[in-house]
Amino acid sequence: MSSPASSATNSIWGWVGWTWALAGILTILLVPIYRLSLIAWDAFFYKLMWWHWAATLAWLLFMIYAEGWRGFHRAWAPRTAARAHFLLHHPTPLRVALAPLFCMCFFEASRKRKIVAWVLTGFIIALVLIVGVLPQPWRGLIDLGVVVGLSMGVVSFLFHVLKAFYREPAAELMAVR
C-alpha cells in the first residue's frame, strides 16, 4: 500500500507528465499547421486553372476523410488521449520525461503499435521531403490539405482529451504493453 506522501508525489508527477504530453503533442501538430499555412497561402497568388481547383477539392476531401476522420479522429486521437489519461494516473520517470512519445506509442506499447508509430513517422518524413521539392502552386495546394487534416487532428485530440476526463477511456486504448 502506498503512503499518502507517495500518492501526492505520483499525483504531481502525473499532472506534470500529462501537461508535458499535451503541450508536446499540440506543438508537434500546431507548428507544421502554422508553417504549412504560409506555403499554402502563397499558392493562391499564382494563376490557378480549373484543374488546380479540381485537384485541390479532391485532395481536400481525401484529407478530411483519410487524415482528419479515419486517421486522427477514429484512431490516433482517442488512443493518444487515453494514454495521456493513463499517464496522469500512472506516472513513471521515463513516461513523464518522454510523455509526448509515450502517448504516441513510441514505447511501452504493443509491438504492432510501436511498429506503426515508427513506420508512419518515417513515411511522413519521406513525404515532407518529396512535397518540399514540388513547385508552387502544387506544393501549396498539397500543403493546404495537410493543414486541414492536421487542424482536424488538433480539434479531435482536444475533444478526446476532454472526453477522457468525463469517461474512463477503453482499456485497450490505454494498453501499455
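Taking packing as the residue-averaged number of other Cβ atoms within 10 angstrom, the listed peptides 19-26, 161-168, 98-105 run from highest to lowest as 98-105, 19-26, 161-168. Where does helix 138-166 land angle-wise versus the long Cα axis of the chain, in degrees 0 to 90, nearest 10? Orientation of helix 138-166: about 20 degrees from the principal axis. Using C-alpha pairs below 8 Å separated by at least 6 residues, the relative contact order for the chain is 42 percent. The string of couplings for the stretch 80-89 from the Karplus curve (6.51, -1.76, 1.60, θ = phi - 60°) is 5, 5, 5, 5, 5, 5, 4, 4, 4, 9 Hz, one whole number per residue in order, with x for Gly and Pro.
Mind running the shape call on the stretch 49-98? Use the C-alpha gyration tensor, a ≥ b ≥ c as the square roots of the eigenvalues: rounded below 1.5 for a/c, prolate if a/b tops b/c, oblate otherwise. Mind showing how you got there, number by number?
Values: a/c = 7.91, a/b = 3.55, b/c = 2.23.
Note, shape of the stretch 49-98 comes out prolate.
When the helix-only estimate is applied to the chain (DSSP H runs of n ≥ 4, each -39,500 (n - 2.57), divided by the residue count), what is the mean residue ellipticity at 222 nm, nearest 500 deg cm²/dmol? It would help to have the intermediate numbers written out before the result.
Values: 8 runs with 131 residues, N = 177.
About -24500 deg cm²/dmol.
Across the stretch 62-120, Cα pairs under 8 Å and at least six residues apart give a relative contact order of 25 percent.
Placing +1 on the Cβ of every Lys and Arg and -1 on the Cβ of every Asp and Glu, with nothing else charged, gives the chain a dipole about its Cα centre of roughly 360 debye.
With kT/(6 pi eta Rh) evaluated at 25 °C and eta = 0.890 mPa s, and Rh the Kirkwood radius from Cα pairs, the chain diffuses with a coefficient of 139 µm²/s according to Stokes-Einstein.
Which value, in Å², gives the accessible area per residue of the chain when a 1.4 Å probe is used on the protein heavy atoms? Mind dumping the intermediate values first?
Working: 10710 Å² over 177 residues.
So the chain comes to 61 Å² accessible per residue, rounded to a whole number.
What a 1.4 Å probe finds exposed on the stretch 99-140 is 78% carbon and sulfur by accessible area, rounded to a whole percent.
Determine the equivalent ellipsoid of the stretch 85-141 by diagonalising the alpha-carbon gyration tensor, then write out the semi-axes as square roots of 5 times the eigenvalues, largest first, rounded to whole Å. Please report the intermediate quantities before stating the final value.
On the way: eigenvalues 218, 33, 13 Å².
Three semi-axes, in Å: 33, 13, 8.
The amide H of Ala109, built 1.01 Å from its N in the peptide plane, has no neighbour under 5 Å, considering only residues 5 or more places off or on other chains.
The values are calculated or read from the model by the stated rules, or taken from the named source; none is laboratory data. From a predicted model like this one, the values you see are computed outputs, not experimental measurements. Neighbour counts run over all protein chains shown; Cβ positions are idealised from the backbone, glycine included. These area figures cover heavy atoms from the full protein model, side chains too; ligands, DNA and RNA do not enter into them. Shrake-Rupley method; radii C 1.70, N 1.55, O 1.52, S 1.80 Å.
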